[in-house]
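Asker: Quick one: this structure, given as structure tokens, is what I'll be asking you about.
The values are calculated or read from the model by the stated rules, or taken from the named source; none is laboratory data. As the structure is a computational prediction, the values presented were derived from the model and not from experiment. Please note: Cβ atoms are built from the backbone with ideal geometry, for glycine as well, and neighbour counts cover all protein chains shown. Quick note on the areas: whole protein, heavy atoms, side chains included, nothing else; ligands and nucleic acids left out. Shrake-Rupley method; radii C 1.70, N 1.55, O 1.52, S 1.80 Å.
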Amino acid sequence: LKGYRRTAVFALNSTCNCRCIMCDMWQQPQEFISLQDAKRILDFLLRRRFLIVYLTGGEPTLHPDITEIVKYADQLGLVTSMVTNGTSSPDVIALLKKAGLYLLGVSIDHWDPEICETIRRYPNIMERQRRSMVYSKEIGIRTYALAFLNPFLLRDGVENLVRYVNREMKVPLGICFPTKCEVNSYRLGSLLSEGELYKYAKEGVGKLLSLK
């Protein structure tokens, strides 16, 4: 892999069917990149010797051409990774597998279903996420859970989610935390204040570093 170490985070759309407390994506104008433009960008990434393309959104499975985008990236030889909120159907996951998706991350926020619904504001979201992870593994996609360092998780112990995901879901757990930058492909906000975001992130990272 020497010389091919770059990962591109590629936001395909701003559409999302969740209304998460830590994100205001659902309030933004609903936009999709065209299939033609997506292919042009993937061609550019290949020329620039990128190895991995990390497909995100919004909720990327809501993009009408998502399987074609994954298929084209796979045909170019790019390693395709995607993160989803877990609401898509098994049929969509199966099509992504057929298109060549290499890695799928499924969001999870807590081990308590009621708290998960409070955070995502989507009915029965935890069960849908669980089913997505189980099915993705069953059909042979490399699968992991992805958690945002939300206030509920920090209050109840991020280390408990690590254990829950590893033992109950039997998948690895990735952690993401809030960032701010001057230039981005889309606005990303939150119902939490900036001070709260950084406070929770600092506490969460400290807890994670203390795990053995």
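Asker: If I ignore ligands, DNA and RNA and count only protein heavy atoms, how much of Lys97 is accessible to a 1.4 Å probe, in Å² to the nearest 10?
Answerer: Lys97 exposes around 80 Å² with every protein chain in place.
Asker: If each DSSP helix of 4+ residues adds -39,500 (n - 2.57) and the sum is divided by the residues in the chain, what number results at 222 nm, nearest 500 deg cm²/dmol?
Answerer: It lands at -12000 deg cm²/dmol.
Asker: Extending each Cα 7 Å along its Cβ direction at Asp43 and Asp24, get the distance between those two points in nm, one decimal.
Answerer: Roughly 3.7 nm, to one decimal.
Asker: Can you tell me the convex hull volume per residue for region 1-134, based on C-alpha atoms, in Å³ to the nearest whole number?
Answerer: 113 Å³
Asker: Here is a further query. What size of dipole, in debye to the nearest 20, comes out for the chain about its Cα centre when the only charges are +1 on Lys and Arg C-beta atoms and -1 on Asp and Glu C-beta atoms?
Answerer: Details: 29 positive and 22 negative charges, 188 e Å.
With only Lys, Arg, Asp and Glu charged at Cβ, the dipole is about 900 debye.
Asker: For region 102-115, in order, what is each residue's ³J(HN,Hα) by Karplus, 6.51 cos²θ - 1.76 cosθ + 1.60 with θ = phi - 60°, in whole Hz (x at glycine and Pro)?
Answerer: 8, 9, 10, x, 10, 5, 8, 10, 5, 9, 9, x, 5, 5
Asker: How much length would be gained if the chain were fully extended between Lys170 and Arg131, taking 0.36 nm per residue of separation minus their Cα-Cα distance, in nm to one decimal?
Answerer: Fully extending the segment from Lys170 to Arg131 adds 12.8 nm.
Asker: Compute the helix-to-body angle for 194-210: its Cα long axis versus the longest principal axis of the chain, expressed 0 to 90° and rounded to tens.
Answerer: For helix 194-210, the angle is close to 90 degrees.
Asker: Between helix 66-76 and the chain, what is the angle of the helix's C-alpha long axis to the longest principal axis, kept within 0 to 90° and rounded to the nearest 10?
Answerer: 60 degrees
Asker: With a sphere of radius 12 Å drawn around the Cβ of Arg19, what net charge do the other residues whose Cβ falls strictly inside it have (Lys, Arg +1; Asp, Glu -1)? Don't skip to the end; give the middle numbers.
Answerer: Numbers: positive: Arg120, Arg121; negative: Asp24, Glu59, Glu117.
With Lys, Arg at +1 and Asp, Glu at -1, the neighbours total -1.
Asker: Also: Determine the percent antiparallel among the DSSP beta bridges restricted to the chain, to the nearest 5.
Answerer: Once the DSSP bridges in the chain are tallied, antiparallel ones form about 5 percent.
Asker: For the chain, report the accessible area per residue in Å² (1.4 Å probe, heavy atoms, rounded to an integer).
Answerer: That works out to 54 Å² for each residue.
Asker: Between the alpha-carbon centers of region 19-48 and region 96-174, tell me the distance in whole angstrom.
Answerer: The distance from the Cα centre of region 19-48 to that of region 96-174 comes to 22 Å.
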